[in-house]
1. Of all residues in segment 20-31, which are exposed (fewer than 15 other Cβ atoms within 10 Å of the Cβ) and touching a strand residue (DSSP E or B) at 6+ places or on another chain (Cβ under 9 Å)?
2. Select from segment 45-75 the residues that are of a type in the set (S, T, N, Q) and modelled with pLDDT under 85 and write down the one among them that is nearest to residue 14 (Cα to Cα).
3. Those residues that are closer than 14 Å to residue 59 by Cβ and of a type outside the set (Asp, Glu), I need them from segment 14-48; list them, please.
4. If I go through segment 32-49 residue by residue, how many of them are exposed (fewer than 10 other Cβ atoms within 10 Å of the Cβ) and polar (S, T, N, Q)?
5. With respect to the numbered conditions (1) modelled with pLDDT under 90; (2) within 10 Å of the chain's Cα centre (by Cα); (3) not polar (S, T, N, Q), which one is the sole condition not fulfilled by residue 28?
Amino acid sequence: MLRIYALCDVHFMQVSRRGKKFNTCVVGLSMDGTKLRSEETTLHMYTALDIAAVHVERQLVDYIAKYHKQSVAARIRRHLRRDWL
């Protein structure tokens, strides 16, 4: 059975501009040699997180639709070729 592992990173930054505190959330997802990333800046920290998570989720849906049309045998060959070379 072939398992694909994913690592998720979430970073928050706070920046003051014109007397207001803006919160930036960066969400990154690394899996199978592919990196998905989204960055969002809002006044509220959790709003930035929610919007960035929706963007990464949409990117993941597009990735799955594009690359999971391959046969299981082709994915296993690609995975083995990457690990053994």
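The values are calculated or read from the model by the stated rules, or taken from the named source; none is laboratory data. Since the model is a prediction, treat every value here as computed from it, not as a measurement. Here the Cβ is made from the backbone with ideal geometry for all residues, glycine too, and neighbour counts use every protein chain on show.
1. 21, 30, 31
2. Top of the filtered list is 70.
3. 26, 27, 28, 29, 30, 31, 34, 35, 36, 37, 38
4. Residues meeting the conditions: 0.
5. (1)
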